[in-house]
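The values are calculated or read from the model by the stated rules, or taken from the named source; none is laboratory data. Bear in mind the structure is a predicted one, so any value in this text is a computation, not a measurement. No Cβ is skipped: glycine too gets one built from the backbone with ideal geometry, and neighbour counts run over all protein chains shown.
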């Protein structure tokens, strides 16, 4: 059964937005799990082409999606830890009170 679309074109159409991508991956996962659940039955062979197509597209979508770059976040966490350690070793440093969501200043934290 040919639709006239390449696998890459189908992947690009499926990942138009995160919600559609999540929905597709969820539904494909459900189909694959249900297929595996009926596998000992010979009637499962009828659904093999559909299951295989969904499995291939789901894998391509997972591979196509760029992995998150967390280097910047890790650097910020490292800087925050360094600052926290420096403050812990210098007891005379005092933070200024910051207003909370109600506009009331928080009590100053002393290290």
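Annotations
- Among the residues of region 87-94, not a single one is surrounded by 10 or more Cβ atoms within 10 Å (Cβ to Cβ) and modelled with pLDDT of 80 or more.
- Of the residues making up region 46-67, those that are over 23 Å from residue 6 (Cβ atoms) and at pLDDT 90 or above are 46, 47.
- Filter pass, residue 81 being surrounded by 10 or more Cβ atoms within 10 Å (Cβ to Cβ), at pLDDT 70 or above and farther than 16 Å from residue 15 by Cα: yes
- Leading residue by the ranking (surrounded by the most Cβ atoms within 10 Å (Cβ to Cβ)) among those in region 15-34 that are more than 19 Å from the chain's Cα centre (by Cα) and closer than 22 Å to residue 63 by Cα: 31
- Filter result for residue 37 (surrounded by 15 or more Cβ atoms within 10 Å (Cβ to Cβ) and modelled with pLDDT of 85 or more): no
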